[in-house]
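For reference, the structure discussed in these notes is given below.
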Amino acid sequence: MRDRLGKVKTVIRRRRRAVQLTVLALLILAPFVHLFRFDLPSMSLYLFGTRLWVKHVFVFLLLLVTVIYAIIAASLLFGRVFCGWVCPQNLFNELTRTWDRRLGRAGSILLSVAISLFGGFVVWSYFHDGVALLREYRSGQVPLVPTAFIAFFGLFFTGAMAWWRTSVCRVVCPYGHLQSIISNPDTMHLQVFNLPGNRDICATCGLCAEICHMGVDPRTTEQKHCVVCGDCLDACALVSGARKVPRVLNFTIGSGERAVALRERGQLWQNVRRLAPRLLLPLTLTVALGGLSAYFLVHRPLVDLVVAKDHRLALAAGSPVSSGAVMAVSVINLSEQPDRFHLEVEGLPEYWATLEQSTVELGPGERALVRLRVHPTERKVGSHRFTVRVVAEQSGAEASFETVHVVY
Ligand code: SF4
Ligand code: SF4
């Protein structure tokens, strides 16, 4: 069997490997170049080199919806393409099979442990400063919490790489289950597809099923675990080439009479037309949501201002709460730089409002509570609407908060 598999020219696999390794490199680098990282100590999120705070959570949620929608749209059209071409777990499912053969079982497990511990360190770096942790290790310190975290994840990844392997994709992975639910008969699948004239029929050699690392027989309709890796197509190309017939196994879209093999260049336009209506909506929505995310990322607020009559905030500002005219002004620096913020009150008669501080200096993500006392110098009964405004000196960011003071 190994001889037969060794002859397969892995044309599609080589392209796929390039994609998988690029994604893996990005996933490893992402927390260190601030491409994507939750920084738990400061409760902030790095996204494409930009630092976001809790108040910006809507940007992250919008982007998350975009990504989820893009994955679902891709899955609806192309099946578990994400698993086969992007997911690192599936990459390691394949690599560990090769390591088993080349290094023996013990060598393969040892390599899995080393990679898993490194994986645990990368996961830790998604939530904390990984470089600082490395510095601690180099200076001879072994901090307990990160080390225990890395050991725990290392153990889990070792189990996934050395023993559980595709069971993780079949049983544990929520995306795998989602895919089983959302796929439909038109989702791209594998099919022995005979060209007109029924000339190139399947040789029933079984090589396509032998090569499949997910245990799928692509000649059957039971393909929910197929990850669209294309290995079986390469295998079938070998067999079909020896028989001097076009490859009989193909990725196919549509079902029954409407089924079209994607390799048929003569039917390329037909393929595009068939895919277009299904591609239009998901692609439009993905692009629109992605555009919105980018817009909000660029135009996110850089300062947050809240004026609260809430006694808890007033207490936190250190003010007495017996008077209803004491308010707490909360200012948060939502930029990535330290800044000086100027506060002012507009809309009240002169001398009615006193800010405890008119300027506050804040580091990134820091918050200041400033007492605002409203004390009318004359008894003007009614509602007095006024605005508290803040302007940042460096970033130029502005915010205002409108509220009301009632004189009985
Ligand atoms: S059936 Fe073919 S494409 Fe699907 S996972 Fe197996 S080898 Fe890959
Ligand atoms: S490799 Fe091709 S010819 Fe051989 S059994 Fe699979 S589909 Fe048929």
Exercise for review: Looking only at the stretch 223-248, count how many residues are within 8 Å of ligand 1 (Cβ to nearest atom) and not small (Gly, Ala, Ser).
Suggested key: 9
Review point. Hey, among the residues in the stretch 335-387 that are under 30 Å from Leu40 (Cα atoms) and part of a loop (DSSP other than H, G, I, E, B), which one's most open to solvent (accessible area, probe 1.4 Å)?
Key: Gln337
Study note, to complete from the structure: In the stretch 249-259, anything within 16 Å of ligand 1 (Cβ to nearest atom) and either part of a loop (DSSP other than H, G, I, E, B) or in contact with an Asp or Glu (Cβ under 6 Å, 6 or more places away or on another chain) (or both) is listed as none
Study note, to complete from the structure: If you go through Gly291, Gly215, Gly206, Gly256, the only one that is modelled with pLDDT under 90, surrounded by fewer than 17 Cβ atoms within 10 Å (Cβ to Cβ) and not aliphatic (A, V, I, L, M) is Gly256
Review point. Of all residues in the stretch 224-238, which are open to solvent by less than 30 Å² (accessible area, probe 1.4 Å) and in contact with a strand residue (DSSP E or B) (Cβ under 9 Å, 6 or more places away or on another chain)?
Key: Cys226, Val228, Gly230, Cys232, Leu233, Ala235, Cys236
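Within the stretch 116-146, track down each residue that is outside any loop (DSSP other than H, G, I, E, B), β-branched (Val, Ile, Thr) and surrounded by fewer than 17 Cβ atoms within 10 Å (Cβ to Cβ). Don't jump to the end; show me each part of the working.
From the stretch 116-146, those outside any loop (DSSP other than H, G, I, E, B) are 116-125, 130-138, 144-146; that's our starting set.
Applying the additional criterion that residues be β-branched (Val, Ile, Thr) yields 122-123, 131, 145.
Those that are outside any loop (DSSP other than H, G, I, E, B), β-branched (Val, Ile, Thr) and surrounded by fewer than 17 Cβ atoms within 10 Å (Cβ to Cβ): Val131, Val145.
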Check your understanding: Taking Val192, is it more than 15 Å from ligand 2 (Cβ to nearest atom), of a type in the set (A, V, I, L, M) and under 24 Å from Thr10 (Cα atoms)?
Key -> no
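I need the full set of residues from the stretch 43-73 which are in contact (Cβ under 8 Å) with a residue 24 or more places away in the chain and either within 16 Å of ligand 1 (Cβ to nearest atom) or surrounded by fewer than 17 Cβ atoms within 10 Å (Cβ to Cβ) (or both), in order please. Spell out the reasoning first.
Let us first name the residues in the stretch 43-73 that are in contact (Cβ under 8 Å) with a residue 24 or more places away in the chain, namely 43-44, 47-48, 50-53, 55-56, 58-59, 62-63, 65-66, 69-73.
Correct list: Met43, Phe48, Thr50, Lys55, Phe58, Val65, Tyr69.
The values are calculated or read from the model by the stated rules, or taken from the named source; none is laboratory data. These numbers come from a predicted model, not from an experiment. For neighbour counting, all protein chains shown are included, and Cβ atoms are generated from backbone atoms with ideal geometry for every residue, glycine included. Side chains included, ligands, DNA and RNA excluded: accessible areas come from the protein's heavy atoms. Shrake-Rupley method; radii C 1.70, N 1.55, O 1.52, S 1.80 Å.
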